[in-house]
Amino acid sequence: MALAKTSQKFNSSISAFTIGTDDKTVTLGGENVLPFYTFDAPIENAPKIGAEISDLGMEKNVPGIRDYYAGAKDFSELAAKAAAIPGVDFVAFSLDAADPNGENRSVEECVEECRQVAAGTDLPLVIIGCKGTEKNEALFDKIADALSGRNVLLMSAKEENYKTIAASAGLAYNQKIGAESAVDINLAKQLNVVISQMGVKPQSIAMNVGVAAAGYGFEYVVSTMERVKMAALSQNDNMLQMPIVTPVASETWNVKEAIVSEEDIPEWGPQEERGIDMEIVTASACLASGSNAVILRHPASIAAISEMIRELV
Amino acid sequence: MVGLFDRVFKGSDEMYALAEKALADALATHDESTPAVFPNTAYYAACIYEYTGIKVTTLADVKAAMTPIREMMTRNYRTHDVFTSGIATSMAAEVIELCKYLDTDTPYNGEYHGHMNDAEVRELGVPLVTRDIPGFVVIIGPAPSEEEAEALIKGYQSRGIFVFLIGGIIEQAKNRNINMGFPVRIVPVGPDIWSVSHVISLVMRAAMIFGAIGPNQYDEMNKYTFERIFAFVNAFDPVDDLTIACGACAIALGFPVITNDTKDMWKVPKTLIIQEDTKDWIETSLEARDIKIKVTNIDIPVAYSSAFEGEIIRRPDMQVEIDGSRMDCFELCMTKEAHEVEDHKIEVIGPDFDEVPVGSKMCAAFIAEVAGKNMQSDFESVFERKFHTFVNCMEGIMHTGQRDLIRIRVSKNAYEAGFRIRHIGEVLYAKLKNEYSAVIDKCQVKIYTSTTELHDLRKMANEIYDKRDERLAGLTDESVDTFYTCILCQSFSPSHVCIVTPERLGLCGAVSWLDAKATNELDPNGPSQIVTKERVIDENIGSWEDVNEAVAKYSRGALERVTLYSIMEDPMTSCGCFECICGIEPFSNGVIIVNREHTGMTPLGMTFSEMASMTGGGVQTPGFMGHGKHFIASKKFMKAEGGVARIVWMPKALKETVRERLDATALELYGIENFTDMIGDEDSCGNGDPEELVNFLSETGHPALGMDPMM
């Protein structure tokens, strides 16, 4: 007997979410099936890849990343190089140096850096804040103003600082907001609810539901993403239908597999390859679990993931 | 006495006439194509733009706007006419102000602020939306004296309220050397009442920017300003008709007006308030506009952090000890009416720490009196239990116990840093106000320290505790209309949902029905959601359609049915945090209960950990169930299977914990005395041999042996 195929597309869909301006926009979400279930229904918008650059520069990275960005004189050139990596859909600029416990770079300097990045590429931008939740309030307020009209995604608003970020970036300057929670579907939903209650439209919110490098409690990430997608699609929960954007690189390039040198553990093989592998396995697992976009660092990882997306969608 | 309607109408006519004159004067010297715009705004003349849709850019546009402005000044003697006339008054005022900006961007030469640009609207708007600035006041003056003007302005400033000044009060503020300007949040808008249009314009633009309200959306605009913009007006005597008409605009937008003018003035509750004593204006205004002030720093001479929670103060380091085991001491949280509570009043009645010898004991009672529209007396005990943590987080202060069995030690270091008993009141005030701002509007703390009064006060407190206990004991599942969910543990146990009822607390033992109720009130989007119980399926086993729907919804479809009182039929699931597990013991026809602390074997041949592995994770395993210790003596415990009479074995320590209440329940349900003694434990059945247990149960005449089989 022949197998009768039934389509399992849902009546609900992930909301479509657009960043960038003019013809250089990127749209995430919109699908009404589980990740890569193209046999049920076409995937409205294929998952997207962002290339991450940092305001600390790229010199401290492995040679493959460092060499790629070598010669960039300022953030504008850094952004142009990131945008030029084949397979990149948007540029993610990470304000690591703003961390009050680190270099504590001033808001004004960070705003200037963001201006440079914006000048360097016309691809859509994602601005990733620093580790200081309070600092991010001030940062995003000024950056949202400075990048007015660029329709950028600011990551992220958390439970502690969502009010200012929603009011400023979301309402006053009409930018997009990433809502970040720590691997818990209820907290993710709650944050979306309270940000929406402030008047931010659900279409202006993306989620970062939390991430870990593969092997570092990653099954929680899978389970959370999977349940978020099921709630969004099968239960039509509109407070969980925001697309998921996952910053993978900042996690995977900090685990021991990516930082221990080959001299220390020769049997693990070359350090850079391990780092790329970590980035690729984590990113591919995130996409398979429900991420609508991943943010990566190594050109080789970006190449591999974009090929994977191309093959599967 | 002239009616309020007539005063508004008269005032709006006056303003319109002034606007006509200003426009005529402008047209006398300028032609119609002269640009008529405020600097740095994308919203034209915002009041006119919002309510007429006209994008004013030239004097010709102003002229065109005059007709719709006049048309809004309707005269049908209904409240609606007062509102539209008030709004039209503001538009007329905007015309007057706009005419000042024809030849210059700075008509006021820095003496007054005048128009606020869009950047300033955003700058003020963000903290207004986040409530970091709790609200703003428009003071229309002069005040009766410069001192009163200063006290009022500084009173608002110290509470974080943004202040706009109009008229004579600006001169008074200058004379008192009050620093003014946008950055210090005191803005002298203009000398005449029509300058109020700049404030209304700011409100309009805030609603357009932050609320996405478009032009010509009268109802949406007024709803938004009422719900989201926390503004109010203070108008000093005498209030003329022009000001009254502008006040009507404020009221249309939902901003109450408070005045001390009594002549031809009409009280409208929560809207137009006559408060002759201007010293009370701040409190009256904040209450009228529902503004709660957040306490940002606690005024104490020692550090405050959860890091100090576990700090021990040893006797040699101790300055003084408040000891409830030896003296009359207690802590109490009481609900009061709003007028009975003066916010942030800390009263110490009796001697302070510096009036008793070093190392001595003293008595003390701490009474926090709270008031709030959403406050319920059921929350008192929930808040009171937090006093322990609140006080313990101070550096150099140790707190144990609750109710009238408290002990507070104050270290010599804290004392030398200036710590006195009123600082405990400061902490209670600040923490209660901040953590429970959803229900507590006002709070005052009374601290009694003299032995004479405390004896009677303690009696009073004990009566309150007794009443609360009675209420708790009387709280049955039947006596309430709602249960609550608790899904706090879903982060690691995704499909588990606790249904918390008065007689069945959360399985972790930490969430009672009252706690869940308070959680729901304080955090409406949080883990505790209301579950109705209207559609009963079978009350005996504790089965409701409503409960099933809630479980299905909050487990996201993983669970479809639970019963609240049965262990065999759709038992409630467990996350993994349970205090106890009860499991069916087939030989005796009963159940054994084992608590987390018990590491030994049970008659089931399994330890707690082994049973836990098949009970947690949000799955239903009939015959096994996780629950809280408190649930053991509940009349709803396994009610479907016959109740507590099924309990055949518990570890000794657990038996002692529940003995008193369990015996009382068994006596009430079955007339059995000392039921706990009939239950086996590790002494009577220590090696996990069920036969040994059955022998013991036969000896004690345990009722389970004669009951129907459970399976």
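The values are calculated or read from the model by the stated rules, or taken from the named source; none is laboratory data. Keep in mind the model is a prediction, meaning the values are calculated, not measured. Here the Cβ positions follow ideal geometry from the backbone for every residue, glycine too, while neighbour counts run over all protein chains shown.
Is it the case that the range B:365-388 has a residue that's at pLDDT 95 or above and more than 24 Å from B:Glu521 (Cβ to Cβ)?
yes
Within the range B:523-540, identify whether any single residue is part of a helix (DSSP H, G or I) and either modelled with pLDDT under 95 or not aliphatic (A, V, I, L, M) (or both), and answer yes or no.
no
With (1) closer than 30 Å to B:Ile273 by Cα; (2) free of Cβ contacts under 8 Å to residues at least 60 places away in the same chain as the list, and B:Val356 as the residue in question, which single condition is left unmet?
For B:Val356, the failing item is (1).
Looking at B:Trp281, B:Trp266, which is the one that is of a type in the set (Phe, Trp, Tyr) and surrounded by fewer than 20 Cβ atoms within 10 Å (Cβ to Cβ)? Before the answer, list the steps.
Working: B:Trp281 fails: surrounded by fewer than 20 Cβ atoms within 10 Å (Cβ to Cβ).
Residue meeting the stated conditions: B:Trp266.
Yes or no, residue by residue, for (1) buried (at least 20 other Cβ atoms within 10 Å of the Cβ); (2) at pLDDT below 90; (3) not aromatic (Phe, Trp, Tyr):
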| site | (1), (2), (3) |
| --- | --- |
| B:Lys223 | no, no, yes |
| B:Glu227 | no, no, yes |
| B:Ala250 | yes, no, yes |
| B:Leu272 | yes, no, yes |
| B:Thr296 | no, yes, yes |
| B:Ser325 | no, yes, yes |
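Within the group A:Ala188, A:Ala212, A:Ala231, A:Ala206, which residue is farther than 25 Å from B:Glu123 by Cβ, within 20 Å of the chain's Cα centre (by Cα) and surrounded by fewer than 24 Cβ atoms within 10 Å (Cβ to Cβ)? Step through it out loud before you land on a result.
Numbers: A:Ala188 fails: surrounded by fewer than 24 Cβ atoms within 10 Å (Cβ to Cβ); A:Ala231 fails: within 20 Å of the chain's Cα centre (by Cα); A:Ala206 fails: surrounded by fewer than 24 Cβ atoms within 10 Å (Cβ to Cβ).
Going through A:Ala188, A:Ala212, A:Ala231, A:Ala206 in turn, the sole match is A:Ala212.
Any residue in the range A:116-125 that is touching a residue at least 24 places away in the same chain (Cβ under 8 Å), surrounded by fewer than 19 Cβ atoms within 10 Å (Cβ to Cβ) and over 26 Å from A:Ala46 (Cβ atoms)? Write out each step before concluding.
Start the filter on the range A:116-125 by keeping residues that are touching a residue at least 24 places away in the same chain (Cβ under 8 Å), which leaves A:116-125.
Pick out the ones that are also surrounded by fewer than 19 Cβ atoms within 10 Å (Cβ to Cβ) and you get A:116, A:119, A:122.
Retained after the next criterion (residues that are over 26 Å from A:Ala46 (Cβ atoms)): A:116, A:119.
Within the range A:116-125 (the criterion being touching a residue at least 24 places away in the same chain (Cβ under 8 Å), surrounded by fewer than 19 Cβ atoms within 10 Å (Cβ to Cβ) and over 26 Å from A:Ala46 (Cβ atoms)), the answer is yes, since at least one residue qualifies.
Please name all residue pairs, on different chains or six or more residues apart, with Cβ atoms under 9 Å, provided the first residue is in the range B:375-397 and is in contact (Cβ under 8 Å) with a residue 24 or more places away in the chain and assigned by TED's automatic domain parsing to the domain that holds B:Gln319 and the second residue is part of a helix (DSSP H, G or I) and of a type in the set (S, T, N, Q).
Within 9 Å, the pairs are B:Val382/B:Thr519; B:Thr389/B:Ser306; B:Asn392/B:Ser306; B:Cys393/B:Ser306; B:Glu395/B:Asn413; B:Gly396/B:Asn413.
Please state which one of B:Val239, B:Val257 is among the hydrophobic types (A, V, I, L, M, F, W, C) and under 30 Å from the mean Cα position of the chain (by Cα). Before you say what the answer is, go through the steps one by one.
Numbers: B:Val239 fails: under 30 Å from the mean Cα position of the chain (by Cα).
Exactly one residue qualifies, and that residue is B:Val257.
Using the structure shown, decide if A:Ser148 is within 14 Å of another protein chain (Cβ to nearest Cβ) and not in a helix (DSSP H, G or I).
Details: within 14 Å of another protein chain (Cβ to nearest Cβ): yes; not in a helix (DSSP H, G or I): yes.
Against the criterion (within 14 Å of another protein chain (Cβ to nearest Cβ) and not in a helix (DSSP H, G or I)), A:Ser148 qualifies.
Could you check, for the range A:189-202, whether at least one of its residues is more than 14 Å from A:Ala166 (Cβ to Cβ) and not polar (S, T, N, Q)?
Yes, the conditions are met somewhere in the range A:189-202.
Hey, any hits in the range B:71-89 for a residue that's acidic (Asp, Glu), more than 22 Å from B:Pro191 (Cβ to Cβ) and either within 14 Å of chain A (Cβ to nearest Cβ) or surrounded by 16 or more Cβ atoms within 10 Å (Cβ to Cβ) (or both)? Steps first, answer last, please.
Taking the range B:71-89 first, the residues acidic (Asp, Glu) are B:71, B:81.
In the following step, the residues that additionally are more than 22 Å from B:Pro191 (Cβ to Cβ) were identified as B:71, B:81.
Right, trim to either within 14 Å of chain A (Cβ to nearest Cβ) or surrounded by 16 or more Cβ atoms within 10 Å (Cβ to Cβ) (or both) and you get B:81.
Yes, some residue in the range B:71-89 is acidic (Asp, Glu), more than 22 Å from B:Pro191 (Cβ to Cβ) and either within 14 Å of chain A (Cβ to nearest Cβ) or surrounded by 16 or more Cβ atoms within 10 Å (Cβ to Cβ) (or both).
If you check B:His344, B:His339, which single one turns out to be more than 19 Å from B:Ser411 (Cα to Cα) and in a helix (DSSP H, G or I)?
Numbers: B:His344 fails: in a helix (DSSP H, G or I).
The unique qualifying residue is B:His339.
Please work out if B:Asp31 is surrounded by fewer than 19 Cβ atoms within 10 Å (Cβ to Cβ), part of a loop (DSSP other than H, G, I, E, B) and not assigned by TED's automatic domain parsing to the domain that holds B:Val239. Can you show your working first?
Details: surrounded by fewer than 19 Cβ atoms within 10 Å (Cβ to Cβ): yes; part of a loop (DSSP other than H, G, I, E, B): yes; not assigned by TED's automatic domain parsing to the domain that holds B:Val239: yes.
When the stated conditions are applied, B:Asp31 passes them.
Do you know which of the residues in the range B:113-122 that are surrounded by fewer than 19 Cβ atoms within 10 Å (Cβ to Cβ) and either more than 27 Å from A:Ile143 (Cβ to Cβ) or in contact with a helix residue (DSSP H, G or I) (Cβ under 9 Å, 6 or more places away or on another chain) (or both) is farthest from the other protein chains (Cβ to nearest Cβ)?
So the residue we want is B:Glu120.
Give all pairs with beta carbons closer than 7 Å in which a residue from the range B:181-205 that is without any contact (Cβ under 8 Å) to a residue 40 or more places away in the chain meets a residue that is surrounded by fewer than 24 Cβ atoms within 10 Å (Cβ to Cβ) and β-branched (Val, Ile, Thr); count only pairs at least 6 apart in sequence or on separate chains.
Hits for this filter: B:Ile186/B:Ile178.
What single numbered condition from (1) within 30 Å of A:Ile165 (Cα to Cα); (2) out of contact with any His (no Cβ under 9 Å at 6 or more places or on another chain); (3) in a strand (DSSP E or B) fails to hold for B:Phe164?
Of everything listed in (1) within 30 Å of A:Ile165 (Cα to Cα); (2) out of contact with any His (no Cβ under 9 Å at 6 or more places or on another chain); (3) in a strand (DSSP E or B), B:Phe164 misses just condition (2).
Quick one: how many residues across the range B:237-292 are within 18 Å of B:Ala338 (Cβ to Cβ) and in contact (Cβ under 8 Å) with a residue 24 or more places away in the chain?
15
Among the residues of the range A:222-276, which ones are among the acidic types (Asp, Glu) and within 12 Å of another protein chain (Cβ to nearest Cβ)?
Those that are among the acidic types (Asp, Glu) and within 12 Å of another protein chain (Cβ to nearest Cβ): A:Glu226, A:Asp237.
State whether one or more residues within the range A:176-188 are part of a helix (DSSP H, G or I), over 22 Å from A:Phe218 (Cα atoms), of a type outside the set (Val, Ile, Thr) and within 13 Å of chain B (Cβ to nearest Cβ). Steps first, answer last, please.
We begin by selecting, within the range A:176-188, every residue part of a helix (DSSP H, G or I); these are A:185-188.
Restricting the remaining residues to those that are over 22 Å from A:Phe218 (Cα atoms) gives none.
Among the residues of the range A:176-188, not one is part of a helix (DSSP H, G or I), over 22 Å from A:Phe218 (Cα atoms), of a type outside the set (Val, Ile, Thr) and within 13 Å of chain B (Cβ to nearest Cβ), which makes the answer no.
Out of A:Leu139, A:Leu125, A:Leu171, I need the residue that is at negative phi and away from chain B (no Cβ under 14 Å). Which one?
That would be A:Leu125, the only listed residue that is at negative phi and away from chain B (no Cβ under 14 Å).
Any residue at all in the range B:634-642 that's in contact (Cβ under 8 Å) with a residue 60 or more places away in the chain, surrounded by 17 or more Cβ atoms within 10 Å (Cβ to Cβ) and either outside the structural domain of B:Ala510 (by TED's automatic domain parsing) or acidic (Asp, Glu) (or both)?
Yes, the range B:634-642 contains at least one residue that is in contact (Cβ under 8 Å) with a residue 60 or more places away in the chain, surrounded by 17 or more Cβ atoms within 10 Å (Cβ to Cβ) and either outside the structural domain of B:Ala510 (by TED's automatic domain parsing) or acidic (Asp, Glu) (or both).
Pairs please, first residue from the range B:66-93 and touching a residue at least 24 places away in the same chain (Cβ under 8 Å) and of a type in the set (Val, Ile, Thr), second anywhere and surrounded by 13 or more Cβ atoms within 10 Å (Cβ to Cβ) and not in a helix (DSSP H, G or I), Cβ atoms under 9 Å, 6+ apart in sequence or on different chains.
Pairs found: B:Thr84/B:Met73; B:Thr84/B:Thr74; B:Ile87/B:Leu253; B:Thr89/B:Met73.
Residue by residue through the range B:393-403, note down the ones that are surrounded by fewer than 18 Cβ atoms within 10 Å (Cβ to Cβ) and either among the aliphatic types (A, V, I, L, M) or touching a strand residue (DSSP E or B) at 6+ places or on another chain (Cβ under 6 Å) (or both).
Applying the first criterion (surrounded by fewer than 18 Cβ atoms within 10 Å (Cβ to Cβ)) to the range B:393-403 yields B:400-402.
Matches in the range B:393-403: B:Thr400, B:Gly401.
Filter the range B:349-384 down to residues that are closer than 21 Å to B:Lys467 by Cβ and surrounded by fewer than 14 Cβ atoms within 10 Å (Cβ to Cβ), then give me how many there are.
Taking the range B:349-384 and keeping what is closer than 21 Å to B:Lys467 by Cβ, we get B:365-372, B:375-384.
Now drop any that are not surrounded by fewer than 14 Cβ atoms within 10 Å (Cβ to Cβ), which leaves B:377.
The total comes to 1.
Does any residue of the range B:174-193 turn out to be part of a strand (DSSP E or B) and surrounded by fewer than 20 Cβ atoms within 10 Å (Cβ to Cβ)? Can you show your working first?
Of the residues in the range B:174-193, the ones part of a strand (DSSP E or B) are B:181, B:186-190.
Going one step further and asking which of them are surrounded by fewer than 20 Cβ atoms within 10 Å (Cβ to Cβ), we end up with B:181.
Yes, the range B:174-193 contains at least one residue that is part of a strand (DSSP E or B) and surrounded by fewer than 20 Cβ atoms within 10 Å (Cβ to Cβ).
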